[in-house]
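Right, one structure below, let's go through it.
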Amino acid sequence: MCGIVGYTGKDQAAPILLEGLSRLEYRGYDSAGIAVRDDDSPVSVVKAKGRLKILVEKTDGGKTVPGTCGIGHTRWATHGEPSETNAHPHISGCAADVNGIDESNVVGVHNGIIENYVELKEKLKRHNYEFYSETDTEVAVKLVDYYYNKYKVGPIDALAKTMVRVRGSYALAVMFKDYPGEIWVARKDSPMIIGVSKKESYLASDVPAILKYTRQVYYIGNLEIARLTPGQVNFYNLDGDEIQKELTEVAWDAETAEKGGFEHFMMKEIYEQPKVVGDTVSSLIKDGKINSEAISLTDEEIAAIDQIYIVACGSAYHVGMAAKYVFEDMARIPVNVDLASEFRYRDPIMTEHTLVLVISQSGETADTLAALRLAKERGVRTFAIVNVVGSSIAREADNTFYTLAGPEISVATTKAYSTQLIACYAMAMEFAFVRNKITEEYYKQLIEELTSLPQKIEKILEDKERIQWFAAKYSHAHDIFFIGRGLDYAISLEGSLKMKEISYIHSEAYAAGELKHGTISLIEDNTLVIGVLSQKKLYEKTVSNMVECKARGAYLMGLTTYGNYMIEDVANFVAYIPKTDEHFATSLAVIPLQLMAYYISVAKGLDVDKPRNLAKSVTVE
Ligand code: AGP
């Protein structure tokens with residue numbers, strides 16, 4: 001997910017582009033760039049790695065990049081590490097480090113993924129194109145140039161032919177050398193909005209970037225092309241026929257728009273889980289099987305592993321706790337789950353047959369990075385599951401799998417946690433299959449179940465009002481206990497952390513069987529105890545533990561799968577989740593717990609996205 005902007009009008013474009021990009025940094029922030037021109041001048045391209053402010057400083061707020069027509073981009077890397085070379089805009093020429101005046105015929109920015117960029121790159125190389133970056137976007141821009149030069153019938157035809165040839169998603173904005181003052185756009189699946197005022201035209205990935213200038217917008221449809229000139233926009237279909245569009249008025253304010261209409265980024269990201277879980281599942285499955293290239297370990301390497309350490313912090317550690325049960329049950333490999341801050345100092349016992357799996361959304365958590373380095377010092381193979389492309393952990397691990405959660409803004413992780421679970425399931429399935437621990441039939445059932453998770457998450461979100469109602473009753477609570485056995489204990493750990501970090505309510509997660517060894521003394525009248533009950537064979541045991549708490553005054557919430565209605569005789573309130581393979585239950589059970597924590601935090605009027613004392617990435621010990 002990236003952010004693109006464009007402007008053509010009478011004012012200097014660069015400051016407007018930079019302002020727009022600052023409103024889109026939540027869409028990606030590992031590098032940025034702008035391309036600006038005047039009617040009688042070649043384009044100036046300026047790019048910078050890192051946050052937008054570096055580009056702003058580099059261009060003195062845009063002053064050093066003159067011109068009244070331009071495009072801009074803030075990047076979230078999916079193909080090619082964050083770097084100045086990989087940053088957009090990209091050009092049809094071949095200047096390696098494009099920074100300055102460029103005579104290219106076409107310059108462009110793109111949000112989306114060109115799935116067949118490798119084959120297109122080979123095609124263009126056969127036509128003497130040279131490439132300077134690792135990005136799919138450079139391929140798209142050069143393909144536009146290729147068709148423009150080959151058929152010489154102008155931008156519409158060049159874009160239309162490109163759109164027919166490309167597979168994937170794109171919001172593409174380009175400028176042609178021969179068409180000063182004009183911006184041409186093409187869209188398929190990726191978001192784009194086009195704004196217009198009396199003498200200016202704007203484009204952006206999202207409303208926040210243009211609200212400061214206009215609320216009059218067009219929504220460009222899939223496989224449509226648009227030509228932006230100052231104060232006017234024309235739309236075309238793939239046949240080059242002009243199509244008429246209605247102008248609409250945007251009601252949202254910029255901040256609301258940045259959160260996609262949600263009150264907080266956390267809820268926006270909770271709602272993004274079906275999509276990003278689906279995207280991550282899709283990136284892991286090829287021809288109906290786990291894509292071994294994504295797992296990037298050979299069958300021999302997998303067969304040789306006799307012990308796995310999963311090392312992480314916080315919610316990523318809770319992913320590891322869930323993954324332990326899945327790996328051990330499916331692949332029959334011993335798994336130790338360690339807090340990175342403990343692992344790095346306890347001189348862990350590892351051999352050449354050990355795999356150290358580190359999990360980190362940011363890829364910069366100091367303790368996790370230190371644990372990774374310790375494993376590498378010992379010559380142990382390391383595997384990282386990371387969300388941020390090009391992050392330290394991603395670069396230093398022997399093998400890396402990138403989750404496709406996109407930028408996660410809220411400090412409390414939700415969608416990144418969910419995509420990390422998917423990566424762990426896929427690894428466990430691959431290990432189990434390679435080591436002949438599961439049948440081909442069951443493997444296929446698991447693949448099918450994995451692909452069904454997004455719509456099951458959707459179903460839970462449709463029922464969120466019940467959670468909201470219950471949460472409001474407990475916003476005053478002083479203590480909330482989460483209990484469960486097996487995977488349900490791992491789920492309880494994450495539910496409890498979410499509750500603590502955004503509602504500031506004291507909470508504990510306990511292995512349900514552990515209550516009688518001390519904790520149950522804490523139960524008082526009306527203490528909320530949430531029993532997680534997704535594992536059939538442990539259901540009765542945990543229900544008994546819940547009854548023990550109830551006998552001491554506790555108020556019980558049950559969290560279980562549809563069909564387990566007996567729990568209604570025991571619990572005061574029950575949240576239900578769809579049935580799934582029990583190995584994957586965490587992905588569903590965590591959703592109501594995320595919502596519980598969110599609604600209680602909102603009821604208490606707290607800063608949901610930026611809880612006190614916390615940071616999104618803990619890059620210090
Ligand atoms: C989770 O909601 C917290 N924000 C925190 O526990 C986080 O999971 C932990 O700091 C690890 O961060 P990482 O995944 O970026 O390494």
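The values are calculated or read from the model by the stated rules, or taken from the named source; none is laboratory data. All figures in this text were calculated on a predicted structure; none of them were measured in a lab. All Cβ positions, even for glycine, are placed from backbone atoms using ideal geometry, and neighbour counts span all protein chains on display. Each accessible area value is taken on the protein alone, full model and side chains, heavy atoms only, with ligands, DNA and RNA left out. Shrake-Rupley method; radii C 1.70, N 1.55, O 1.52, S 1.80 Å.
Taken across the stretch 266-286, residues that are hydrophobic (A, V, I, L, M, F, W, C) and in contact with a strand residue (DSSP E or B) (Cβ under 9 Å, 6 or more places away or on another chain) do occur, with at least one present. All of (1) away from the ligand (no atom under 16 Å from the Cβ); (2) open to solvent by less than 30 Å² (accessible area, probe 1.4 Å) hold for residue 251 with one exception: (2). Restricting to the stretch 90-117, and then to whatever is aliphatic (A, V, I, L, M) and not in a strand (DSSP E or B), can you tell me which residue is nearest to residue 203 (Cα to Cα)? It comes out as 98.
Can residue 48 be described as touching a residue at least 12 places away in the same chain (Cβ under 8 Å), open to solvent by less than 10 Å² (accessible area, probe 1.4 Å) and closer than 20 Å to residue 172 by Cβ?
no
Exactly one residue among 241, 279 is without any contact (Cβ under 8 Å) to a residue 12 or more places away in the chain, open to solvent by 20 Å² or more (accessible area, probe 1.4 Å) and within 26 Å of residue 166 (Cβ to Cβ), and that residue is 241.
Among residues of the stretch 313-328 that are within 12 Å of residue 357 (Cα to Cα) and small (Gly, Ala, Ser), none has a Cβ under 7 angstrom from a residue that is at pLDDT below 95 and within 8 Å of the ligand (Cβ to nearest atom) at a sequence gap of 6+ or on a separate chain.
Determine, yes or no, whether residue 320 is crowded, with 24+ Cβ neighbours inside 10 Å and either away from the ligand (no atom under 16 Å from the Cβ) or modelled with pLDDT of 95 or more (or both).
When the stated conditions are applied, residue 320 passes them.
Of note, residue 106 does not satisfy the criterion of being under 21 Å from residue 227 (Cα atoms), open to solvent by less than 40 Å² (accessible area, probe 1.4 Å), of a type in the set (Val, Ile, Thr) and under 27 Å from the mean Cα position of the chain (by Cα).
The set of residues in the stretch 398-442 that are open to solvent by 10 Å² or more (accessible area, probe 1.4 Å), under 20 Å from residue 335 (Cα atoms) and in contact with a strand residue (DSSP E or B) (Cβ under 8 Å, 6 or more places away or on another chain) comprises 398, 399, 400, 401, 430, 433. Scanning the stretch 386-436 for residues that are free of Cβ contacts under 8 Å to residues at least 40 places away in the same chain, touching a helix residue (DSSP H, G or I) at 6+ places or on another chain (Cβ under 8 Å) and within 12 Å of the ligand (Cβ to nearest atom) yields 386, 387, 392, 393.
Checking the conditions here, which among 498, 473, 464 is free of Cβ contacts under 8 Å to residues at least 60 places away in the same chain and of a type in the set (Lys, Arg)? The conditions single out 473. Of the residues making up the stretch 155-195, just one is within 24 Å of residue 9 (Cα to Cα), basic (Lys, Arg) and open to solvent by 50 Å² or more (accessible area, probe 1.4 Å), namely 177.
How about the stretch 476-537: which strands (runs of 3 or more DSSP E) wholly inside it have at least 3 residues that are closer than 27 Å to residue 416 by Cα and open to solvent by less than 30 Å² (accessible area, probe 1.4 Å)?
Ranges flagged: 479-484, 528-533.
Residue count for the stretch 118-147 under the criterion of being open to solvent by less than 40 Å² (accessible area, probe 1.4 Å) and in a helix (DSSP H, G or I): the result is 16.
Conditions tested, residue by residue: (1) away from the ligand (no atom under 16 Å from the Cβ); (2) more than 18 Å from residue 491 (Cα to Cα); (3) not aliphatic (A, V, I, L, M).
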| site | (1), (2), (3) |
| --- | --- |
| 271 | yes, yes, yes |
| 281 | yes, yes, no |
| 287 | yes, yes, yes |
| 291 | yes, yes, yes |
| 305 | yes, yes, no |
| 313 | no, no, yes |
| 326 | yes, no, no |
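Among the residues of the stretch 145-154, is there at least one that is closer than 23 Å to residue 245 by Cα and either modelled with pLDDT under 95 or not acidic (Asp, Glu) (or both)? Yes, that holds for at least one residue.
Scan the stretch 284-312 for residues that are open to solvent by 40 Å² or more (accessible area, probe 1.4 Å) and of a type outside the set (Gly, Ala, Ser) and jot them down. Passing the criteria: 286, 287, 289, 293, 298, 299, 300, 301, 306.
Residues in the stretch 347-385 that are open to solvent by 50 Å² or more (accessible area, probe 1.4 Å) and either under 24 Å from residue 31 (Cα atoms) or in contact (Cβ under 8 Å) with a residue 12 or more places away in the chain (or both): 351, 352, 353, 364, 373, 376, 378, 379, 381.
Number of residues in the stretch 574-602 that are open to solvent by 10 Å² or more (accessible area, probe 1.4 Å), within 18 Å of residue 529 (Cα to Cα) and touching a strand residue (DSSP E or B) at 6+ places or on another chain (Cβ under 7 Å): the value is 1. Contact map, the stretch 121-137: first residue over 16 Å from residue 90 (Cβ atoms), second residue surrounded by 18 or more Cβ atoms within 10 Å (Cβ to Cβ) and modelled with pLDDT of 95 or more, Cβ cut-off under 7 Å, separation 6 or more or different chains; pairs are 127/146.
Restricting 466, 435, 485 to those that are basic (Lys, Arg) and under 28 Å from the mean Cα position of the chain (by Cα) reduces the list to 466.
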